[in-house]
Amino acid sequence: APINPADINTVQGTYGSKLPFTSLIGTPSPSATPGNEGVFEVISGSSGNGGGDGPSKGDWVIPAASQFGTWRTHAVASPDQVIKVDKQGLTPAQVATVSVNPCTAYRLLRSYGPAAAGPGVEGLPMRPLDVGSGQWFIQNGANSGVGRAAIQFGRLWGLRSINVVRERDTPEATQALVSELKDLGADVVVTDAEFQSREWRDRLAEITRQGRETVGLGFNCVGGKSATAMARSLGEGGSLVSYGGMSRQPVALPVGLLIFKDIRFLGFWLSKWNERDPTGRRHMINDILNLIRGGQFKDVPVDEVKWDWETPEETLTHAVQGGLDGFRKGKGIFTFGDT
């Protein structure tokens, strides 16, 4: 079960949805179990649940909806509460981390990326993605799970990316991160200091061939000054889509960008999209898992945290707190021992 920032925000009570309380986990009073994402192995099912395409003993399943509560060793669920996953050629960590960060990046590009000419698709807000167009998008938090996924999807779909990251403790560590993202397919990687400097405007002109090309799309997960700088980097009619706010700073939008450049400012919440199109979610997850199997998509580095009866509470709280730290060595994942 991964440790996502949204999980921590939910525990803090600052997220857009609240955890459901239950008495099923044996606490003296109803309590809530955190965790939106994870993979379970089916160990038992009722007699009517083993046939057809439904889950049966030994299958891997992931939650079909958010707020399932994955930070636990066991759960009781009906078949419609889970999605059966073909585990062939996949590791538990790859399946556990597929349904939030990669799906967010996938949906952001598909819903707001450059649209191809032709009629719209029923149920989608935009026309089909203009695959191979070579158009630019820009994102902050580029080393996050969503950022890494967007880089790879952009490369696969013929888009080009400008990626903003925070400086590391040493220049060598920063350069190592830049090289890592470029190996994933990033076209341009800049540090936050470079991005917010006076020289960025000239650098952007060089990247876009002196303005002959434009950046039409921005993905913001930070907020504050970073989001403002990103908005200023967009071309006329561009869109800035916010899906997070790690800095906890508001997004300041210069009114001139609204009036004179017709910049669009939007928000995206994957949970809401999943509710509207559960069938599309299943297709999206299967598409991403097939890319992983085929070696076309590299999953995010993980930092596994063993959780069994002997694990000190401090280890668990430290792992959760680290979920808000952008400098950890990999995405935190709880791996539960035998109970």
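The values are calculated or read from the model by the stated rules, or taken from the named source; none is laboratory data. Predicted, not measured: the structure shown is a model, and the values here were computed from it. Cβ sites come from the backbone with ideal geometry, for glycine too, and all protein chains shown count toward neighbours. With ligands, DNA and RNA removed, areas are computed over all heavy atoms of the protein, side chains included. Shrake-Rupley method; radii C 1.70, N 1.55, O 1.52, S 1.80 Å.
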Alpha-carbon centroids, the range 141-178 and the range 59-101: separation in whole Å:
27 Å
For every helix of n ≥ 4 consecutive DSSP H residues, a contribution of -39,500 (n - 2.57) applies; sum these over the chain, divide by its total residues, and give [θ] at 222 nm rounded to the nearest 500 deg cm²/dmol.
-9500 deg cm²/dmol
FRET efficiency estimate (nearest 0.05) - Cβ-Cβ, Lys272 to Glu236, R0 22 angstrom:
0.15
Accessible area per residue for the chain in Å², computed with a 1.4 Å probe and the full protein assembly in place, what is it?
52 Å²
Let's see if you can work this out: charge +1 on each Lys and Arg Cβ, -1 on each Asp and Glu Cβ, no other charges. What is the dipole magnitude of the range 218-278 about its Cα centre, in debye to the nearest 20?
200 debye
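Kindly provide the trypsin sites (Lys or Arg not before Pro) of the range 233-286 that DSSP labels as loop, not H, G, I, E or B, and whose Cβ sees at most 16 other Cβ atoms within 10 Å.
Of the trypsin sites (Lys or Arg not before Pro), the ones in loops of the range 233-286 whose Cβ has at most 16 other Cβ atoms within 10 Å are Arg248, Lys261.
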The extension gain from Arg201 to Ser133, computed as 0.36 nm times the residue separation minus the Cα-Cα distance, is 22.1 nm
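If you roll a 1.4 Å probe over the range 124-226 with all protein chains in place, what percent of the accessible area is carbon or sulfur?
Carbon and sulfur: 46 percent of the exposed surface of the range 124-226.
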Ignoring chymotrypsin sites (Phe, Trp or Tyr not before Pro) buried by more than 13 other Cβ within 10 Å or outside DSSP loops, the longest site-free run in the chain is 22-308
Descending Cα extents along the principal axes, the chain, whole Å:
65, 48, 36
Any GluC sites (Glu not before Pro) in the range 162-246 that lie in a DSSP loop and have at most 10 other Cβ atoms within 10 Å would be Glu199
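So what is the relative contact order for the chain, in percent, with contacts set as C-alpha pairs under 8 Å and at least six apart?
15 percent
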